[in-house]
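The values are calculated or read from the model by the stated rules, or taken from the named source; none is laboratory data. These numbers come from a predicted model, not from an experiment. Positions of Cβ are generated from backbone atoms using ideal geometry, with glycine treated the same way; all protein chains shown enter the neighbour counts. SASA here: full protein model, heavy atoms, side chains in, ligands and nucleic acids out. Shrake-Rupley method; radii C 1.70, N 1.55, O 1.52, S 1.80 Å.
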Amino acid sequence: MAGAARARKNAPPREDVLAAAMEMIAERGLEKLTMAALGREVGMSSGHLLYYFHSKDELLLQTLEWSEGRLGAERGRLLSRGGDARERLDAYVDLYVPDGHRDPHWTLWLEVWNRSQNADDDARARQAAIEGAWHRDLVALIAEGVSRGEFRPVDPDRFAARLRALLDGFSIHVAIGLRGTDRAQILHHVREFLDDGLARGDA
């Protein structure tokens, strides 16, 4: 018992474990992220990792939440910097779309959502919170653009839902490396969609 307490006291901070997990996904791929391999990386046994996270599903979800927290902070900085709503909307899209094939955040996102078929209500609620944060920020930005006369009048919630569905579909193609759908092409498609959907008729 004393040994277990000592091991917990000397364990790396939770954030260090999550950062190490994300780094392993980026460098080696999700398939190489096992409890044993992560334990070796952070100097913990797989048993101790299970003590903290209870399952690999929980480890992956917490790692995604940690990564989303960092993205959320960056998104907040982008959206609060002032200037044209369209410029900030393009920055939002740029942040949303994966950097390329096997983008680590999107690789993790896809795995967590794939596992969510058997997730409990708490895990599903936490996943919904991640999506909700992206959606609320997008709705607020579109509503701002409409109220300032930069965008034509649209229902911000409905437009945001459709735009995010488009972004998700294209982003999955980029993340899995589907031929003919690289990041530059996707950004061009999305910007055309925004031009068509938000440009004012009198512009």
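General observations
- Residue list for segment 162-183, filter: free of Cβ contacts under 8 Å to residues at least 60 places away in the same chain, closer than 22 Å to Leu138 by Cβ and open to solvent by 40 Å² or more (accessible area, probe 1.4 Å): Arg162, Ala165, Leu166, His173
- Of the residues making up segment 133-155, none is within 23 Å of Gly72 (Cβ to Cβ) and of a type in the set (S, T, N, Q).
- Qualifying residues in segment 72-101 (those that are more than 20 Å from Ala199 (Cα to Cα), part of a helix (DSSP H, G or I) and of a type in the set (Lys, Arg)) - the one most open to solvent (accessible area, probe 1.4 Å): Arg77
- Condition met for Met24 (farther than 30 Å from Ala140 by Cα, open to solvent by less than 40 Å² (accessible area, probe 1.4 Å), at pLDDT below 90 and of a type in the set (A, V, I, L, M, F, W, C)): no
- Checked against (1) exposed (fewer than 13 other Cβ atoms within 10 Å of the Cβ); (2) assigned to a helix (DSSP H, G or I); (3) within 25 Å of the chain's Cα centre (by Cα), Asp196 meets all criteria but (3).
- Scanning segment 53-71 for residues that are touching a residue at least 60 places away in the same chain (Cβ under 8 Å) and open to solvent by less than 30 Å² (accessible area, probe 1.4 Å) turns up Leu61, Leu64, Glu68.
- Scanning segment 101-124 for residues that are of a type outside the set (S, T, N, Q) and under 14 Å from the mean Cα position of the chain (by Cα) yields Arg102, Asp103, Pro104, His105, Trp106, Leu108, Trp109, Leu110, Glu111, Val112, Trp113.
- Filter result for Asp122 (out of contact with any helix residue (DSSP H, G or I) (no Cβ under 9 Å at 6 or more places or on another chain) and farther than 22 Å from Val190 by Cβ): yes
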